[in-house]
Amino acid sequence: MRSHLNSHNQDAGTVIGRFAEYGVDLNGLIIPGRSIESVLASYAFNLVVNNDDETFKISLVGSATAVRYRGRELLLASQHQLRDVDETQVSMLTDSGRHVITSGGRRGYKPRSDTDAHDIIAFDFTEPCKDCPELKKRFFDFRQPPPDVLNVHVLGMLLTGYPSGAQKYEIHENNHLGIVRRQVVCLPHSQPSDDVLLTVKAVHPMAEDPDGMSGGSAFVIQWQHGQPHAYFAGVILRGGTSRFQILKAGVVLSFLESVFA
């Protein structure tokens, strides 16, 4: 199976211009400002499910975010993406797209109707990464949530995901999978009643249906100590063309601490 990635950046105008000329601190590594979008976007992936079918070998069920936490390689997604899905078959594709690597297990909460804090699941790829080292570079070292700052110090937020309608699933026709990634530059907008969430607003609304962005990554770039710093900000849970709700990084961290104690 051949795969091809088509990455599209939303025109962020002056938002990206705020830090394009600077180096951005990411876990102590200085990333050129004009490269930071592609670097941060590289931690979001299609959420792939392996099928027991020679013709339709995989299914695409939205987006996922790859993080490394306490030495574990974990693929994060939202539970609502996985209704009617065999979770034992959640997988990652190798760089060539020729091999489908299933996870080594999953951890999650029992969903609750009163909060989105439990709409999170982690698939453990630690052991599969030992057998397939090429996967290791895909995981972001999640060390801490972003520090609390005033909104005026937030230079921008970068959301990345894979809208279902944009993917080119041509496996039956020519054994080709056209993977299309969307990046959306946003700014903080409001605090929903469920305080595990944050609502952000796109600088430029998406021109297509965002269905499938759930599970994708959210990073924030904020001004600290005279320099832009980038942090993992959370996981996309839902959204429209102009507004998205993300599960905050601190909530994700609490989840990981509880299930991998």
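The numbers here are math on the coordinates, done by the rules we state, and not lab data. No experiment lies behind these values; they were computed from the predicted model shown. Using ideal geometry, Cβ is built from the backbone for each residue, glycine included, and neighbour counts are taken over all protein chains shown.
Couple of notes before you dig in:
- Under the simplified labelling scheme, the Arg112-Ile30 pair shows an inter-label distance of 4.5 nm, with each label point 7 Å from Cα along Cα→Cβ.
- Helix 249-259 vs. the chain, principal-axis angle (Cα, 0 to 90°, nearest 10): 50
- Using just its DSSP H runs of length 4 or more, each adding -39500 (n - 2.57), the chain gives a mean residue ellipticity at 222 nm of -2500 deg cm²/dmol after division by all residues.
- For the range 62-77 versus the range 241-256, the gap between their alpha-carbon centres in whole angstrom: 13
- Length-normalised contact order of the range 153-258 in % [C-alpha pairs under 8 Å, at least 6 apart]: 28
- Hits among lysines - C-alpha to C-alpha of Lys201 under 23 Å, sequence gap 8 or more where chains match: Lys248
- Radius of gyration, Dmax [the range 34-113; alpha carbons; angstrom]: 13.9, 42
- Modelled FRET efficiency - R0 51 Å, Phe56 with Thr199, Cβ distances, 0.05 increments: 0.90
- About the Cα centre, charge dipole magnitude for the range 2-259 (Lys/Arg +1, Asp/Glu -1 at Cβ), debye: 500
- Model label sites at Asp131 and Val152, defined 7 Å from Cα along the beta-carbon direction, differ in position by 5.5 nm.
- Over the chain, Cα pairs under 8 Å with separation of 6+ residues give a relative contact order of 23 percent.
- For Ala207 and Gln144, the difference between the fully extended length at 0.36 nm per residue and the C-alpha to C-alpha distance is 19.4 nm.
- Selection from Thr199, His99, Tyr162 lying farthest towards where the dipole of the chain points positive, charges on Cβ: Thr199
- The base-10 log of I(q)/I(0) for the range 198-261, evaluated at q = 0.12, 0.19, 0.24, 0.30 Å⁻¹, reads -0.38, -0.80, -1.02, -1.22 [Debye formula, identical scatterers on Cα atoms, solvent excluded].
- The chain: mean projected area of Cα convex hull, nm²: 13.5
- Listed residues Leu76, Leu29, Leu177, most fluctuating in the chain (Gaussian network, C-alpha, under 10 Å): Leu29
- Among Ile36, Phe244, Thr126 the positive-end extreme of the charge dipole of the chain (Cβ point charges): Ile36
- Other residues within the sphere of radius under 14 Å centred on the Cβ of Gly240, judged by their own Cβ, net out at +1 (K and R +1, D and E -1).
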